[in-house]
Amino acid sequence: MGLMENWNFLRILVRILLGLLSIFALVWPVNGLRPLRQRPRSWGDEWLPLGKEEHELGPFSSWNITGTYRGNWKFLHSSSNSSKFPDFRKSSGNSILELITSPTKITGVHYVQGIIIFHDVFNNEHDVHGAQMRVEGVYIWPFRQLRMVANSGKEGEFGQEDDYLLSNPYHLLGVFSSQVFQESPREKIWKRKHSPIYEMEKRCNIEIAAQVSRTTSRKNDGDDGKYYLEGLMESPSVDDDVDCFSPMLLNATSVNVEVYYNKAVNYTLMVTFISFLQVLLLIRQMEHSNTQSGAAKVSLLMIGHQAIMDAYICLLHLTAGILVESLFNAFATAAFFKFVVFSIFEMRYLLAIWKANRPTSNGDNWEAMRRELSALYSRFYGILLGGILVMYEFHKFLRFILLLLHSFWIPQIITNVVRDSRKPLHPHYILGMTITRMAIPLYVFGCPSNFMRIEPDRNWCTYLALFMGFQACVLLLQHYFGSRCFIPRQILPEKYSYYRRFHQGSNHSIDCVICMTAIDLSQRSNDCMVTPCDHFFHSGCLHRWMDIKMECPTCRRPLPPA
């Protein structure tokens, strides 16, 4: 019996040992991973925070690091010049990473493909402000380690990462804003053969080692759970042991597409609200100048200028909506409201001003009126298309062109001075249009977290605000103190005085044909006004009449400004 008990004990012991060996065999593929290259103290091992997340080495969670990362790059050493690549002179800049991961047959290892875009790499002597590099490697998710090398694939071969780029709204809107605002020309970033980085890939071994972590602080619009990459990029030469350039530090934070969507949608809501306010302001101004005389005081160029601006904004938003399919509804809504503003309200007001400036041609000769109206539409759409060509040819001066586009109050100021117009625009219309017209450019060039990835330009925003504020102040001064209040009287032409002296032949009264009451001519006062054709009216009656028609109520002759 003792022998049998010993034998059973040995069998149980052997089974326990076999069970431990099987468990060890299952864990062995994870613990037995080797680095990509047996190189002591390389790939940034001397500074990577390997012990940073030791508390997470329990039950691992396979993080999906596929996505867009935005960050910075800088050289590890102060001397960043290279004998092989003297163009690499700048010491720091911005970078964007596009990564796509896919699981492999090896447990704990994911295959990684992607593209790294370096901005502000080369000196100003070259037109290329950025460089693109294809990378591939592995992501060892139990240790949060990312190892990549440069992939010098053939030109014209589109892989999975290219499909991801073409469907990523963050990247597409960045390309669109680069095309529109010319921050970095697209053809010089995406054509790798035109970039010095292409030669560097052929002559250098580019290796990237990074540590992946998850951010826990609530920043950037309350977004939590972002991935953070921090690593080192080295590039030893292929021919000799001399490095192509100094080691480069890389850091990047993942971009939450949902937050990006929210920014774009909030922007379109802002544009829609601004368009609604502009419709209300236009209605207020049309009520202020609902008479023929009031409409004739408004500058035709000023309204046409604003209509062309709204047409450009409509086309811009519609193009952005077509480019990014997932945001089409939001951008199409903003484009529709801008289309309503310029095609219905502003064009209608434009026609009313045009008819008020041609009172004799209304209804007399329909053919002549139709020809003039066709000429008006031809000039409008011709200027609209010509402006697009001008902005395309002179895109380097786009900020200056935008300042010129926001000079739409200048024609009204000049018209007021030339015609000596009396209160042509409502003050609410002046202030409201000035503020709403500045909202979109100030968001694009002034907001540091705008969704179009355009660097803020505070100086340009200051110039725009001062320029628009100056125009609005001049219009308000003309409204309250007269159209020629800032011009010295010595250089002004002589004006007709409706309170001029007249020959008083008799002391009997004359009737005012407007109110049909008598005018006492025996006493000279400001209650009596005389037209150039020697007709007498009450002062208040003639003022109200001139607000409607600038012609004599008796003989229908044109009247000079009061």
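The values are calculated or read from the model by the stated rules, or taken from the named source; none is laboratory data. Keep in mind it's a predicted model, so treat the numbers as computed, not measured. Every residue, glycine among them, receives a Cβ derived from its backbone with ideal geometry; neighbour counts consider all protein chains shown. The protein model used for the area step is the full one, side chains on, heavy atoms only, and it has no ligands, DNA or RNA in it. Shrake-Rupley method; radii C 1.70, N 1.55, O 1.52, S 1.80 Å.
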Members of region 517-537 that are over 16 Å from R500 (Cβ atoms) and at pLDDT 80 or above:
T517, A518
Evaluate region 453-472: report whether one residue or more is at pLDDT below 80 and under 30 Å from G321 (Cα atoms).
yes
Unmet criterion (only one of (1) outside any helix (DSSP H, G or I); (2) under 23 Å from M270 (Cα atoms); (3) not small (G, A, S)) for V298:
(2)
Conditions (1) touching a residue at least 60 places away in the same chain (Cβ under 8 Å); (2) closer than 26 Å to I548 by Cα; (3) not aromatic (F, W, Y); number of the one not met by I303
(1)
N123 versus (1) crowded, with 17+ Cβ neighbours inside 10 Å; (2) under 36 Å from the mean Cα position of the chain (by Cα); (3) modelled with pLDDT under 80; (4) in a loop (DSSP other than H, G, I, E, B): which is the lone unmet condition?
(1)
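So that you can scan it fast, the table gives a plain yes or no per residue for (1) more than 25 Å from the chain's Cα centre (by Cα); (2) buried (at least 17 other Cβ atoms within 10 Å of the Cβ); (3) under 30 Å from E234 (Cα atoms):
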| position | (1), (2), (3) |
| --- | --- |
| L250 | yes, yes, yes |
| S254 | no, yes, yes |
| V257 | no, no, no |
| S275 | no, yes, no |
| T291 | yes, no, no |
| K297 | yes, yes, no |
| A307 | no, yes, no |
| D310 | no, yes, no |
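Scan region 356-379 and tell me whether some residue there is basic (K, R), closer than 22 Å to T291 by Cα and more than 20 Å from the chain's Cα centre (by Cα).
Applying the first criterion (basic (K, R)) to region 356-379 yields 358, 370-371, 379.
Narrowing further to those that are closer than 22 Å to T291 by Cα: 358.
Narrowing further to those that are more than 20 Å from the chain's Cα centre (by Cα): 358.
Looking for residues that are basic (K, R), closer than 22 Å to T291 by Cα and more than 20 Å from the chain's Cα centre (by Cα), one finds at least one in region 356-379, hence yes.
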Of all residues in region 448-500, count the ones that are open to solvent by less than 30 Å² (accessible area, probe 1.4 Å) and closer than 27 Å to N94 by Cβ.
7
Tell me, please, whether a residue that is under 30 Å from N262 (Cα atoms), modelled with pLDDT under 90, part of a helix (DSSP H, G or I) and hydroxyl-bearing (S, T, Y) can be found in region 323-338.
yes
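Which of the residues spanning region 418-434 are among the aliphatic types (A, V, I, L, M), surrounded by 17 or more Cβ atoms within 10 Å (Cβ to Cβ) and assigned to a helix (DSSP H, G or I)? Before you say what the answer is, go through the steps one by one.
First pass over region 418-434, keeping only residues among the aliphatic types (A, V, I, L, M): 418, 425, 430-431, 433.
Of the ones still in play, those that are also surrounded by 17 or more Cβ atoms within 10 Å (Cβ to Cβ) are 425, 430, 433.
Correct list: I430, M433.
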